[in-house]
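Every number in this text was worked out from the coordinates using simple rules, so none of it is lab data. None of these values were measured; they are calculated from a predicted model. Here Cβ is always computed from backbone atoms with ideal geometry, including for glycine, and neighbour counts include all displayed protein chains.
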Amino acid sequence: MKKNIVFFEARGGSDKGEDGHRKDTMPMVNALKAKGWSGEVIFLTDEILRDANETKKIYEYTLSKADGYVSRVNPGNLKEEKLYFDLLRSLCDAGLVGMPHPDAMIGYGAKDALTKLASTDLVPTDTYAYYDKDEAARIGVEFSDKHNFIKSFPKTLAKGERVLKQNRGSTGEGIWRVRLENPADYNKFDTLPLDTKIICTEAKDNHSENRELGEFMEFCKSYLVGDNGMLVDMTFLPRIKEGEIRILMLYKTPVYVVHKKPAEGGDAFSATLFSGAKYRYDEPKEWSELIDWFLGELPGIKSKLGDYDLPLIWTADFILDTDTNGNDKYVLGEINCSCVGFTSPAEFMEKVAIMVADNIIDIVSAKLG
Ligand SMILES: Nc1ncnc2c1ncn2[C@@H]1O[C@H](COP(=O)(O)OP(=O)(O)O)[C@@H](O)[C@H]1O
Ligand SMILES: [Mg+2]
């Protein structure tokens with residue numbers, strides 16, 4: 001083994017500290033050094049990725065110098081995400097340890113991970129993913145009515161309040177809580193007419209709009225256009241009021257739990273900081289029931305999401321629900337794995353960086369040692 005790891009970062013972007021790095025990157029590099037390994041950062045830009053020669057130089061350099069890479073690129077910071085993933089894929093194919101493999105990033109991070117897990121206890125069975133025909137063909141999904149947004153959504157909404165999630169946004173953009181203006185109409189019809197009056201609340205800032213179903217669905221079609229376009233339709237979980245519970249995972253180990261309580265009052269359901277949610281950081285042992293259950297589900301999650309190795313740094317978000325016996329149960333709302341940072345709480349950062357370095361050494365040694 002070379003005992004050297006390359007960290008890929010994007011040049012620029014609002015997630016950077018004064019030295020141009022993500023604030024939690026150099027602590028990981030330094031933690032590797034303290035353990036007798038080394039790490040180096042390679043910055044990527046759209047210009048580099050568009051230039052086949054430059055990309056090849058980086059490919060060859062990384063292959064000759066490193067045992068593996070850690071991806072630290074926020075997808076929003078590179079337009080050429082596909083070329084970036086191609087570079088990572090070619091490095092993995094050549095035997096480098098990908099942390100994570102690009103297809104793991106796509107599989108775990110996409111919103112339709114939820115529908116791939118709808119057959120498990122993690123996600124309600126009435127969770128659907130919608131695509132347009134081109135995207136369904138591209139990703140090998142046989143297009144049917146249950147993937148057809150315009151046909152399916154008026155039926156799911158007829159039964160109760162829903163949340164529609166676009167794939168591309170983050171921090172609540174294009175995540176819509178959708179409900180009927182007249183709640184007495186739930187469960188009366190098999191499907192709803194296009195002029196049904198609805199109220200839509202966006203998680204970005206909890207603002208609400210009075211809309212009609214048909215024109216709102218027309219607007220939402222933009223979320224389906226292009227590569228990775230999709231909408232996920234899941235039941236609205238009213239206990240989001242009590243908070244969203246995020247587990248920060250380093251590979252297979254939970255590190256801490258963030259309890260995110262949405263702003264009080266009104267239609268608020270968003271757990272993003274910008275929308276006014278309050279965050280609290282807990283030790284995993286304070287959430288042992290959730291965590292023990294989740295860890296038990298990990299092998300199933302891994303196999304259902306493409307059987308790639310678990311990501312190095314990732315999060316799983318849960319919302320409380322009540323089962324048919326009146327007991328608490330947790331529902332998975334989202335997995336993030338392509339741009340997870342651990343800069344807050346600040347007092348944890350150095351400690352987590354050391355744990356990341358330990359995980360990197362373990363993962364690489366197990367694969368190449
Ligand atoms: N099924 C749901 N029921 C209630 N609230 C939800 C549900 N799904 C998401 N939310 C709320 O919407 C927010 C944003 O949704 P999320 O799936 O995390 O998308 P993203 O973080 O990528 O924007 C969550 O933090 C949570 O507060
Ligand atoms: Mg989220």
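From most to least packed by mean Cβ count within 10 Å, the peptides 269-275, 53-59 give 269-275, 53-59.
Rounded to the nearest 10 degrees, the inclination of helix 288-304 to the longest alpha-carbon principal axis of the chain is 80 degrees. Remark: Glu173, Glu334 ranked as Glu173, Glu334, counting other beta-carbon atoms within 10 Å and listing the fewest first.
I need the shape label for region 138-219. Rule: rounded when a/c is under 1.5, else prolate if a/b > b/c, else oblate, with a, b, c from the alpha carbon gyration tensor. It comes out oblate by the Cα gyration axes.
Dipole check for the chain: with +1 at the C-beta of Lys and Arg, -1 at the C-beta of Asp and Glu, and the Cα centre as origin, the magnitude is about 540 Debye.
Classify region 183-222 from the C-alpha gyration tensor, please: rounded if a/c falls under 1.5, else prolate or oblate depending on whether a/b exceeds b/c. Note, shape of region 183-222 comes out oblate. Each of Ser344, Ser64 was scored by other Cβ atoms within 10 Å of its Cβ. Arranged with the fewest first, they read Ser64, Ser344. Put the Cα centre of region 257-283 next to the Cα centre of region 1-54 and the gap is 31 Å. Panel order for Thr25, Thr171, by other beta carbons found within 10 Å of each beta carbon, from fewest to most: Thr171, Thr25.
The angle between the Cα long axis of helix 149-159 and the longest principal axis of the Cα atoms of the chain comes to about 60 degrees, rounded to the nearest 10.
The alpha carbon centroids of region 295-336 and region 89-161 are separated by 15 Å. When you filter the trypsin sites (Lys or Arg not before Pro) in region 242-340 for DSSP loop state and at most 16 other Cβ atoms inside 10 Å of their Cβ, you are left with Lys252. Axis of helix 346-368 versus longest Cα principal axis of the chain: the two differ by about 70°, to the nearest ten degrees. In this simple spin-label model, placing a label point 7 Å from the Cα along the Cα-to-Cβ direction at both Glu215 and Arg89 gives a separation of 4.2 nm. Each Lys and Arg Cβ is given +1 and each Asp and Glu Cβ -1; about its Cα centre, region 29-171 then shows a dipole of about 380 debye. Judged by the ratio a/c of the largest to the smallest principal axis of the C-alpha gyration tensor, region 1-117 counts as rounded, that ratio being less than 1.5. Run lengths n ≥ 4 of DSSP H only: what is the helix-derived mean residue ellipticity at 222 nm for the chain, with -39500 (n - 2.57) per run over all residues, to the nearest 500? My calculation for the chain gives -10000 deg cm²/dmol from helical runs alone.
Magnitude of the charge dipole for region 146-305, about its Cα centre and with charges confined to Cβ atoms of Lys, Arg (+1) and Asp, Glu (-1), is about 380 debye.
Put simply, the amide H of Ser270, placed in the peptide plane, has neighbours under 5 Å in Ala263, leaving out anything fewer than 5 places away on its chain.
Per-residue extension of 0.36 nm, minus the Cα-Cα distance of Asp145 and Asp323, leaves a gain of 61.2 nm for this segment. Loop-located GluC sites (Glu not before Pro) across region 224-323 with a Cβ neighbour count of 14 or fewer within 10 Å are Glu264, with loop assigned by DSSP. Comparing Val340, Val364, Val163 along the charge dipole axis of the chain, the residue lying farthest to the positive side is Val364, per the Cβ-charge model.
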